[in-house]
Amino acid sequence: QVQLVESGGGLVQHGGSLRLSCAASGSIFSKYGMGWFRQAPGKQRELVATTTSGGSTNDADSVKGRITISRDNAKNTVYLQMDSLKPEDTAVYYCNAHRGVYYWGKGTQITVSS
């Protein structure tokens, strides 16, 4: 069982930056793939970025070049640095842990004003 708690969301202006954090507890964090997903109003949840247990990363085309996913296994935390934010980045951002089974946090809201 893995518990995930996201933080760092908020209101930011177009072009601004935010750093999301996801603290994990309850299992061996380093063995899990971790990811960030987002869901905008009226839309399906979509992938933002993932990082494997070995540290390899993958970013969605919609955010490529503007985000960096990273993990600190010593702190059981995964981060999402988001720069050059756009109004279309407005969504609830969810942290995900996966190792055969998927676990989700409750999400944190990012609102980007134009």
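The values are calculated or read from the model by the stated rules, or taken from the named source; none is laboratory data. Note that this is a predicted model, so its numbers are computed, not measured. Using ideal geometry, Cβ is built from the backbone for each residue, glycine included, and neighbour counts are taken over all protein chains shown. Just so you know, the surface numbers come from the protein's heavy atoms only, side chains and all, with ligands and any DNA or RNA stripped out. Shrake-Rupley method; radii C 1.70, N 1.55, O 1.52, S 1.80 Å.
Here are the numbers for the structure shown:
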| item | result |
| --- | --- |
| Solvent exposure ordering (accessible area, 1.4 Å, most first) of TRP104, TRP36 | TRP104, TRP36 |
| Tail beyond 22 Å, pair distance distribution of the chain (Cα, percent) | 25 |
| Protein-only accessible surface order, largest first, of GLU6, GLU88, GLU46 at 1.4 Å | GLU88, GLU46, GLU6 |
| Simple label model, 7 Å out from Cα along Cβ direction - SER30 to GLN81, nm | 2.3 |
| Among GLN109, SER7, SER30 - extreme Cα towards positive end, dipole of the chain, charges at beta-carbon | SER30 |
| Candidate residues LEU80, LEU18, LEU47: accessible-area rank, largest first, probe 1.4 Å | LEU47, LEU18, LEU80 |
| Point-to-point label distance, ALA60-ARG99, nm (Cα→Cβ direction, 7 Å offset) | 2.6 |
| Neighbourhood net charge (14 Å Cβ-Cβ; Lys/Arg +1, Asp/Glu -1) for SER17 | +1 |
